[in-house]
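Undergrad: Pasting a structure here, questions to come.
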Amino acid sequence: MTPTPAKLSLKEKLAYGLGDTASNFYFQVFSIFLSIYYTDIFGLKPGAVGTLMLVVPIAVAAMNPVIGALADRTQTRWGKFRPYLLWGAIPYGVLGYVMFANPALPEGGRLVFAYVTYALMLIAYAVINTPYGALMGVMSPSSDERTSLNAYRFSFAFLGAFLIGGFVPGLKETLTPAGGSPADGFRNTMLIFAVLSVAMFLFTFWNTRERVVSPPEQKSSLREDLGDLKSNTPWLVLFFVGFVNLANAGLRNGAGAYYFKYAVGDELAQGDFNKVGFLCFIAGALATKLFTARWSRRSLLIWLTLINGSGIAACYFVDPHNLPALYACNIIAAFAAGPTPAIVWSMYADTADYGEWKFGRRATGLIISATVFIQKVGLAVGSGLLGKLLGHYGFVANVAQTPQSLHGITLMFSLLPGGFALTAGFVTSLYPLDEQDVKKIELELAQRKAQSAPVPAPAA
């Protein structure tokens, strides 16, 4: 393994961050546009889409702990987690493109095609993204460096979100050939992001290194790892917070396309709205270090999440045509949310340190994969709830909506996801580790490893 430096280089932080840009190219497309693509372009019924987007992600998410446990046990010259970026990049890119192929099939065939391609894509996503998330935990043993690394990671993640949310509405129109259909525009748009995603993951692979190794006496036991995980109280709190936060994201992100198309009445206006929101998100992420220098990560996560939830919920009380007021709510919510991913992911790495400190065993891959699992379940619940509620409120694609349907769309864009965010903020108050605890654990782990290091043999 590469010797541990005091600080990670700028190039390595940038390389790691680009991996989440690649992830967010697809994550944001699925979160923001996949539901409306299925209902308004591919011609699936909203109830069927709700079931699809609930069942498939949860079924595939069950693989995440398995992938994480497998990655923990992977031994190559490139480390445990980096090889999956190399092996998974091309399948990831190809499958994301194929999802939007829009074959000429009857309704039943289209639904089968959606199930199969969505499932295969999510499997490819899990194979590459679970080890990618775990990689952060072994690039440096320093909690401060991991927080800094996560700030880069999520700044680049939000760059991907900015490009998708801000430019896809216009880009798919621009890339629709003369006489073509919206499906052609979507497919051509996804080709661009597929190629970029593959290139970015390969760049991440070649320019990052793994430095933190498991305790030398640790034996491989999935049963013990799972037992430790169930007793890891800090991780359990974040486990639930992750579920609620991603349910919020799955519901609101997907509802946004319907809100602007049917409530605001201007589908392209969503692009500018998203651009402003994501720029504020990135500004918040870049301010992470300023916030963490003054307040504890635990306190920040609580209050920023509550502010974010309040901003989202406030959109319910704004007239859909009052864009300045909608922008104001979005700016507050987005800036407050900006620092939270970097903070919470550094706290997940702290829970891996906590597990090693308390139980004498480290299972970074399992912790990250189980976290990704519950986040995907939360995202699936939010996305599935969107489809089911659209059906419940009487949504019909590509026609003027009834007052009941418009009210339902507004609820799904505001009060309901805002409620999820507020719940996450209150639950975070149960997180038991403060900064002093983290530094104590970090120091004691370093002392243990120093004591267990082999003593050099005396010179002959």
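Undergrad: Among residues belonging to the stretch 305-328 that are surrounded by 21 or more Cβ atoms within 10 Å (Cβ to Cβ) and among the hydrophobic types (A, V, I, L, M, F, W, C), point out the one that is farthest from VAL427 (Cα to Cα). Before you say what the answer is, go through the steps one by one.
TA: Taking the stretch 305-328 and keeping what is surrounded by 21 or more Cβ atoms within 10 Å (Cβ to Cβ), we get 305, 308-309, 311-312, 315, 326.
Now drop any that are not among the hydrophobic types (A, V, I, L, M, F, W, C), which leaves 312, 315, 326.
Details: ILE312: 18, CYS315: 23, LEU326: 27 Å.
Applying the filter and picking the extreme gives LEU326.
Undergrad: Out of everything in the stretch 393-432 that is of a type in the set (S, T, N, Q), part of a helix (DSSP H, G or I) and in contact (Cβ under 8 Å) with a residue 24 or more places away in the chain, what residue ends up being most open to solvent (accessible area, probe 1.4 Å)? Give the derivation first.
TA: Initially, the stretch 393-432 is screened for residues of a type in the set (S, T, N, Q), giving 398, 401-402, 404-405, 410, 414, 423, 428-429.
Next cut, part of a helix (DSSP H, G or I) only: 404-405, 410, 423, 428.
With the extra rule that they be in contact (Cβ under 8 Å) with a residue 24 or more places away in the chain, the set shrinks to 405, 410, 423, 428.
Details: SER405: 2, THR410: 21, THR423: 59, THR428: 1 Å².
Restricting to residues being of a type in the set (S, T, N, Q), part of a helix (DSSP H, G or I) and in contact (Cβ under 8 Å) with a residue 24 or more places away in the chain, the top hit is THR423.
Undergrad: Here is a follow-up. Look through LEU105, LEU70, LEU86 and report the one residue that is open to solvent by 50 Å² or more (accessible area, probe 1.4 Å), farther than 23 Å from LEU18 by Cα and either assigned to a helix (DSSP H, G or I) or in contact with an Asp or Glu (Cβ under 8 Å, 6 or more places away or on another chain) (or both).
TA: On the way: LEU105 fails: either assigned to a helix (DSSP H, G or I) or in contact with an Asp or Glu (Cβ under 8 Å, 6 or more places away or on another chain) (or both); LEU86 fails: farther than 23 Å from LEU18 by Cα.
Among LEU105, LEU70, LEU86, only LEU70 is open to solvent by 50 Å² or more (accessible area, probe 1.4 Å), farther than 23 Å from LEU18 by Cα and either assigned to a helix (DSSP H, G or I) or in contact with an Asp or Glu (Cβ under 8 Å, 6 or more places away or on another chain) (or both).
Undergrad: Residue by residue through the stretch 73-83, note down the ones that are open to solvent by 30 Å² or more (accessible area, probe 1.4 Å) and either under 24 Å from ILE58 (Cβ atoms) or out of contact with any Leu (no Cβ under 8 Å at 6 or more places or on another chain) (or both). Break it down stepwise before answering.
TA: Our first condition is that a residue be open to solvent by 30 Å² or more (accessible area, probe 1.4 Å); within the stretch 73-83, this holds for 73, 75-78, 80.
Within the stretch 73-83, ARG73, GLN75, THR76, ARG77, LYS80 qualify.
Undergrad: Considering only residues that are in a helix (DSSP H, G or I) and either touching a Gly at 6+ places or on another chain (Cβ under 6 Å) or open to solvent by 50 Å² or more (accessible area, probe 1.4 Å) (or both), which ones fall in the stretch 284-304? First the steps, then the outcome.
TA: Initial filter on the stretch 284-304 (in a helix (DSSP H, G or I)): 284-286, 288-294, 297-304.
Those that are in a helix (DSSP H, G or I) and either touching a Gly at 6+ places or on another chain (Cβ under 6 Å) or open to solvent by 50 Å² or more (accessible area, probe 1.4 Å) (or both): GLY284, ALA285, LEU286, LYS289, LEU290, ALA293, ARG294, ARG298, ILE302, TRP303.
Undergrad: Could you give every pair whose Cβ atoms fall below 6 Å, whose first residue belongs to the stretch 372-387 and is in contact (Cβ under 8 Å) with a residue 24 or more places away in the chain and of a type in the set (Gly, Ala, Ser), and whose second residue is assigned to a helix (DSSP H, G or I) and open to solvent by 20 Å² or more (accessible area, probe 1.4 Å), counting only separations of at least 6 or pairs across chains?
TA: GLY378/PHE243; GLY378/LEU246; ALA380/LEU54; ALA380/ILE58; GLY384/LEU54; GLY387/PRO46
Undergrad: While we're looking at this one, here's another question. Looking at (1) open to solvent by 40 Å² or more (accessible area, probe 1.4 Å); (2) basic (Lys, Arg); (3) in contact (Cβ under 8 Å) with a residue 40 or more places away in the chain, find the lone condition where ARG252 falls short.
TA: Status for ARG252: all satisfied but (1).
Undergrad: Would you mind finding the one in MET121, MET53 that is part of a helix (DSSP H, G or I) and surrounded by fewer than 24 Cβ atoms within 10 Å (Cβ to Cβ)? Before you say what the answer is, go through the steps one by one.
TA: Details: MET53 fails: surrounded by fewer than 24 Cβ atoms within 10 Å (Cβ to Cβ).
One residue alone meets the criteria, MET121.
The values are calculated or read from the model by the stated rules, or taken from the named source; none is laboratory data. Only a predicted model underlies this, so the values are computations on that prediction, with no experimental measurement involved. Here Cβ is always computed from backbone atoms with ideal geometry, including for glycine, and neighbour counts include all displayed protein chains. Only protein heavy atoms, including side chains, enter the accessible area calculation; ligands, DNA and RNA are left aside. Shrake-Rupley method; radii C 1.70, N 1.55, O 1.52, S 1.80 Å.
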